[in-house]
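Chemist: Handing you a structure now.
The values are calculated or read from the model by the stated rules, or taken from the named source; none is laboratory data. Since we're looking at a predicted model, the values are computed, not measured. Every residue, glycine among them, receives a Cβ derived from its backbone with ideal geometry; neighbour counts consider all protein chains shown. Accessible surface areas use protein heavy atoms only, side chains included; no ligands, DNA or RNA. Shrake-Rupley method; radii C 1.70, N 1.55, O 1.52, S 1.80 Å.
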Amino acid sequence: MAGNHSLVIDRIIGNIEKVMIGKRDVAELSLIALLAQGHVLLEDVPGVGKTMMVRALAKSVGANFRRIQFTPDLLPSDVTGVSIYNPKELEFQFVPGPIMGNIILADEINRTSPKTQSALLEAMEESSVTIDGITHHLQKPFFVMATQNPIEYEGTYPLPEAQLDRFLLKMQMGYPTVAEEMEVLTRVQVAAPIEKLESVVTLDELLTLQYEVRQVYVDDTIKKYIVELATATREHAGIYLGVSPRGSIALMRASQSYAFIQGRDYVIPDDVQFLVKAVFAHRIILKSETKFDGISPEEIINRIVGEVSVPVQRLVK
């Protein structure tokens, strides 16, 4: 498994890097979420390449890309689709919305109403939408990358914790270095590289990779380690609300995907530690005094990782 699939993974990430300069870590995390059949919340300022990242990922895997620009007046039917009466056929016909794609960019998700947010998040959770009592299944693979601007909060609707929990990972892109930004200018001087980007795998190959990720072995010691990390967030003095069992499942799935990308068919503690902040940080609610002290969720997770003992051998049954 390792050799063959490692080459495929390298091809996908290398293809994305033709467009995204110096963002291999973001490309890798995005691919981890896609292979784990999860979704990503990307929080960063405008103009750092969030849209380009999703487009590059979609083109690299030959996926159907859809972009939804969330605005305050967007309706749930604008996302999911609507049934329209056809007088010739004397029946209602379903007109699919932009959610009916493979890779969806939900741009500025916090700018739309909670009702419309819920329509998207329901689709993410159920992989289907129900219109007028009829269930329409979404395409496979189905992957959502939602973005939100952490700076401008006026006129926004922050995602409730229960909805944040639907995202496998939360990450930031950050500004490029001076050298990386100069390289960006050079590459886009004549034409945007994204226009020439071609797929390096087919959708069928991607579905096979997603299946293989689920087969990655997770020993009971690793499962116990994940549960102990989650339990520690529930018992920490600085945390008001800890990680739910859904968060534990998300960390296991993400760790399987990361191990797969690394060319292994088994998960090790390093995989869990590498991903725990991206998976757990947006799932916890800090106490007000913790926030007042200027302590971030990421710092709390770091402390927990340092306190929970790391498994060094397999459980003997």
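Chemist: Give me the pairs: first residue in the range 126-144 and more than 23 Å from ARG55 (Cβ to Cβ), second residue in a strand (DSSP E or B) and aliphatic (A, V, I, L, M), beta-carbon distance under 7 Å, and six or more apart or on different chains, which are they?
Modeler: Filtered contacts from the range 126-144: ILE131/VAL82; HIS136/VAL129.
Chemist: Scan the range 89-124 for residues that are open to solvent by 20 Å² or more (accessible area, probe 1.4 Å), over 19 Å from LYS50 (Cα atoms) and either without any contact (Cβ under 8 Å) to a residue 24 or more places away in the chain or in contact with a strand residue (DSSP E or B) (Cβ under 9 Å, 6 or more places away or on another chain) (or both) and jot them down. Talk me through it step by step, then tell me what you get.
Modeler: Here is the first cut: in the range 89-124, the ones open to solvent by 20 Å² or more (accessible area, probe 1.4 Å) are 89-96, 98, 100, 108, 111, 113-115, 118, 122.
Keeping just the survivors that are over 19 Å from LYS50 (Cα atoms) gives 89-96, 100, 113-115, 118, 122.
Passing the criteria: GLU89, LEU90, GLU91, PHE92, GLN93, PHE94, VAL95, PRO96, MET100, GLU122.
Chemist: Here's another thing I want to ask about it. Report, by residue number, each residue of the range 49-66 that is open to solvent by 10 Å² or more (accessible area, probe 1.4 Å) and part of a helix (DSSP H, G or I).
Modeler: So in the range 49-66, the residues open to solvent by 10 Å² or more (accessible area, probe 1.4 Å) come out as 49-52, 55, 59, 62-66.
Answer for the range 49-66, where residues must be open to solvent by 10 Å² or more (accessible area, probe 1.4 Å) and part of a helix (DSSP H, G or I): LYS50, THR51, MET52, ARG55, LYS59.
Chemist: For the condition over 29 Å from LYS59 (Cβ atoms) and at pLDDT below 90, what is the one hit in GLY247, GLY238?
Modeler: Values: GLY247 fails: at pLDDT below 90.
Result of the check over GLY247, GLY238: GLY238.
Chemist: Moving to a separate point now. What about GLY306, is it assigned to a loop (DSSP other than H, G, I, E, B), open to solvent by 20 Å² or more (accessible area, probe 1.4 Å) and of a type outside the set (Ser, Thr, Tyr)? Break it down into steps so the answer makes sense when it comes.
Modeler: Numbers: assigned to a loop (DSSP other than H, G, I, E, B): no; open to solvent by 20 Å² or more (accessible area, probe 1.4 Å): yes; of a type outside the set (Ser, Thr, Tyr): yes.
No: the conditions fail for GLY306.
Chemist: Here's a follow-up. Inspect all residues belonging to the range 67-88 and state whether any of them is surrounded by 18 or more Cβ atoms within 10 Å (Cβ to Cβ), touching a Gly at 6+ places or on another chain (Cβ under 9 Å), over 24 Å from GLN163 (Cα atoms) and in contact (Cβ under 8 Å) with a residue 12 or more places away in the chain.
Modeler: No - not one qualifying residue is present in the range 67-88.
Chemist: Another question, if that's okay. Of everything in the range 125-146, what is assigned to a loop (DSSP other than H, G, I, E, B) and either in contact with a Pro (Cβ under 8 Å, 6 or more places away or on another chain) or open to solvent by 20 Å² or more (accessible area, probe 1.4 Å) (or both)? Give them in sequence order. Write out each step before concluding.
Modeler: As a first pass, look at the range 125-146 and keep what is assigned to a loop (DSSP other than H, G, I, E, B): 127, 132-133, 138-142.
Answer for the range 125-146, where residues must be assigned to a loop (DSSP other than H, G, I, E, B) and either in contact with a Pro (Cβ under 8 Å, 6 or more places away or on another chain) or open to solvent by 20 Å² or more (accessible area, probe 1.4 Å) (or both): SER127, ASP132, GLY133, GLN139, LYS140, PHE142.
Chemist: Continuing with the same structure: Would you confirm whether any residue within the range 76-97 is part of a helix (DSSP H, G or I) and among the acidic types (Asp, Glu)? Quick ask: steps written out before the conclusion?
Modeler: Restricting attention to the range 76-97, the residues satisfying the condition of being part of a helix (DSSP H, G or I) are 76-80.
Now drop any that are not among the acidic types (Asp, Glu), which leaves 78.
Looking for residues that are part of a helix (DSSP H, G or I) and among the acidic types (Asp, Glu), one finds at least one in the range 76-97, hence yes.
Chemist: Can you tell me which residues in the range 1-48 are crowded, with 22+ Cβ neighbours inside 10 Å and not aliphatic (A, V, I, L, M)?
Modeler: Answer for the range 1-48, where residues must be crowded, with 22+ Cβ neighbours inside 10 Å and not aliphatic (A, V, I, L, M): LYS23, SER30, HIS39.
Chemist: Just wondering, is there one or more residues in the range 214-224 that are touching a residue at least 40 places away in the same chain (Cβ under 8 Å), out of contact with any Phe, Trp or Tyr (no Cβ under 6 Å at 6 or more places or on another chain), within 30 Å of GLY14 (Cα to Cα) and open to solvent by 20 Å² or more (accessible area, probe 1.4 Å)?
Modeler: yes
Chemist: Might you let me know whether the range 162-172 holds any residue that is out of contact with any helix residue (DSSP H, G or I) (no Cβ under 7 Å at 6 or more places or on another chain) and either of a type in the set (A, V, I, L, M) or over 20 Å from SER30 (Cα atoms) (or both)?
Modeler: yes
Chemist: Follow-up question, since we're still on this one. I'd like the full set of residues that are over 25 Å from PHE65 (Cα atoms) and touching a Ser or Thr at 6+ places or on another chain (Cβ under 9 Å), limited to the range 188-223.
Modeler: Within the range 188-223, VAL216, VAL218, ILE222, LYS223 meet the criteria.
Chemist: Output the residues belonging to the range 19-47 that are of a type in the set (Val, Ile, Thr) and within 21 Å of GLU195 (Cα to Cα).
Modeler: Within the range 19-47, VAL19, ILE21, VAL26 meet the criteria.
Chemist: For the subset of the range 255-270 comprising residues that are in contact (Cβ under 8 Å) with a residue 24 or more places away in the chain and assigned to a helix (DSSP H, G or I), which member is surrounded by the fewest Cβ atoms within 10 Å (Cβ to Cβ)?
Modeler: That would be PRO269.
Chemist: Still on this structure, please answer the following. Pull out all pairs, ordered by first then second residue, where Cβ-Cβ is under 9 Å, the residues are six or more apart or on different chains, the first lies in the range 185-197 and is open to solvent by 50 Å² or more (accessible area, probe 1.4 Å), and the second is in a helix (DSSP H, G or I) and of a type outside the set (Gly, Ala, Ser).
Modeler: Partner pairs satisfying both residue conditions: ARG187/PRO193.
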